[in-house]
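Have a look at the structure below, then the notes.
A short reminder: the numbers here are calculations on the coordinates, not readings from a lab. Remember, predicted model here, so these are calculated numbers, not experimental data. Please note: Cβ atoms are built from the backbone with ideal geometry, for glycine as well, and neighbour counts cover all protein chains shown.
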Amino acid sequence: MFHCRLVNPIHHDPALLLSLPQLAQRWLLDCGDLHALSLHELLQIDTVFVSHAHIDHWIGLDALMRAQLFGERPLRILGPRGILDMLAGRLAGYAWNLVSRSQFVVEGYEWTGSQWDSRHFPCSQRFVGHEAPSGLPSLENWSLRWVELEHGVPCLGYRLESPRSYRFREDCPYPPGPWISALKEAVAAGQREGVLTVAGEERRLAELAEWLRPVPTHQLAYITDTRLDPATRSRVVDAFGPTRVLWCEAAFLESQRELAETKLHSTANEAASLARELGCERLQLFHLSRRTQGRAEEHLTEARLIFPETYVGSD
Ligand SMILES: [Zn+2]
């Protein structure tokens, strides 16, 4: 279905790489230093979900641009309030006189608090942005939820859910044929009326749909750079609903709670509480503070007291 991996060690810049093998596409959650990625990987990234514009989450844009400058596929950047102006500022920071033949376009999407504004920045026009219709880009039938976090600057958490899919019951009596994909498409679109031809005979769609079983979807939440006090956690739970896997920062330990409050970050204890409240199956901690370098085991022990299925990094 998909594979997730942190680009950097847990104390370094956040960037979580999602590989979608069926689509030969990769998505990034946050865009910290990307030098650890191969050119091939950089070229396959087409969508970046940016939590916020602190430099450790955003500096990798240059590496992505450098790799994709003559690509034909747009690079889509989603982020919180202010991201479009910051993107324009980044793109205005270079000279672009020899790239006018490139088809490459950077598409920006900004959550304003009420809608997703969009601006396109074509390379052929020296990345001067122009307004585009509001709304999210197509995410290959994945569904996206988001929530505003508490970090002193606009900051978003994201939840991605894989597309709905179906399997046939093993006791289905009908022979395979083109009707199978037609049926799955119709059911996914909520259609129940109509007929399909199965082995030369017309059968009602509603009857055929009885032989389909929905495959559980996969949900992944990504929460970083935020306080995770009970009020914020409850906002995340309201926005996301039950979620199978949570990737969550755990910059500090509970013994450093004051520091977490000052720096607007979370503790391992709070991350574990959120995983429990979201009904998760698994919690992956990352973005541990450099002040706690060498103490990942302590984060793990603290979190596992509340949520046993906790791991650190990409394990
Ligand atoms: Zn930050």
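Between Y222, Y109, Y174, the residue with the greatest mean-square fluctuation in the GNM of the chain (Cα pairs under 10 Å linked by springs) is Y174.
Based on alpha-carbon centroids, what's the gap between the range 250-313 and the range 42-102 in Å, whole number please? About 30 Å separates the Cα centre of the range 250-313 from the one of the range 42-102.
Taking max minus min of the alpha-carbon positions on each principal axis, the range 112-182 gives extents of 57, 38, 18 Å, largest first. Note: the range 1-140, Cα convex hull, 111 Å³ per residue.
Note: the range 56-135, Cα convex hull, 84 Å³ per residue.
When only alpha carbons of the range 165-215 are considered, Rg and Dmax amount to 9.9, 28 Å.
Each Lys or Arg adds one and each Asp or Glu subtracts one; over the other residues with Cβ under 13 Å from the Cβ of H35, this totals -3.
In the range 78-107, which residues have a backbone nitrogen under 18 Å from the label point lying 7 Å from L69's Cα in the Cα-to-Cβ direction? Residues passing the 18 Å test: 88-107.
Near E298, once Lys and Arg are set to +1 and Asp and Glu to -1 for all other residues with Cβ below 15 Å from its Cβ, the sum equals +1. Under 5 Å from the amide H of Y166 lie the amide H atoms of V215, each residue being 5 or more positions distant or on a separate chain, with H modelled from the backbone and absent for Pro and chain starts.
On full extension, the segment bounded by S102 and E297 gains 65.4 nm, given 0.36 nm per residue less the C-alpha separation.
Only one residue of L205, T217, L300 has its Cα farthest out toward the positive end of the dipole of the chain, where Lys and Arg carry +1 and Asp and Glu -1 on Cβ, and that residue is L205. Shown for the chain is the translational diffusion coefficient from the Stokes-Einstein equation, using the Kirkwood radius over Cα pairs, a temperature of 25 °C and a viscosity of 0.890 mPa s: 115 µm²/s.
By the Kirkwood approach, averaging reciprocal distances over each pair of separate Cα atoms, the range 210-315 gets a hydrodynamic radius of 13.9 Å. The DSSP beta bridges internal to the range 56-183 are antiparallel in roughly 75% of cases. Seen from H130, the other residues with C-beta closer than 15 Å to its C-beta sum to a net charge of -3, counting Lys and Arg as +1 and Asp and Glu as -1.
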